[in-house]
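Some notes on the structure that comes next.
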Amino acid sequence: ASLDWCKGPDRGLPCPDVILYFHLSSEEGLKRSGYGEERYEKKSFQECIIGPERFHQYQYSITINVSMVEMKGR
């Protein structure tokens, strides 16, 4: 998925004061109760859009405060 595609659902909405990016690997996500019940909770899709490199790409493409929260073990 392209960065532009990932940002698409937010077009036209008011800009938030801060964005928190909760990072969790697909392997860790698979261990959680109820994982896979949501439309986008498919391992192939998650691996396509998640990861620190995608986060940094997004972070530098906008002008608001973006922070990553590592969720492993939480």
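The values are calculated or read from the model by the stated rules, or taken from the named source; none is laboratory data. If you're wondering where the values come from, they're calculated on a predicted model, not measured in any experiment. Every residue, glycine among them, receives a Cβ derived from its backbone with ideal geometry; neighbour counts consider all protein chains shown.
Close contacts from segment 1-29, counting a first residue that is closer than 18 Å to residue 43 by Cα and a second that is among the acidic types (Asp, Glu), with Cβ to Cβ under 7 Å and a gap of 6+ residues or different chains, come to 23/70; 26/47. Look at segment 59-70: where a residue is among the β-branched types (Val, Ile, Thr) and surrounded by 10 or more Cβ atoms within 10 Å (Cβ to Cβ) and a partner is modelled with pLDDT of 70 or more and not in a loop (DSSP other than H, G, I, E, B), sitting 6+ places away or on another chain with Cβ atoms under 6 Å, you get 66/19; 69/20; 69/22.
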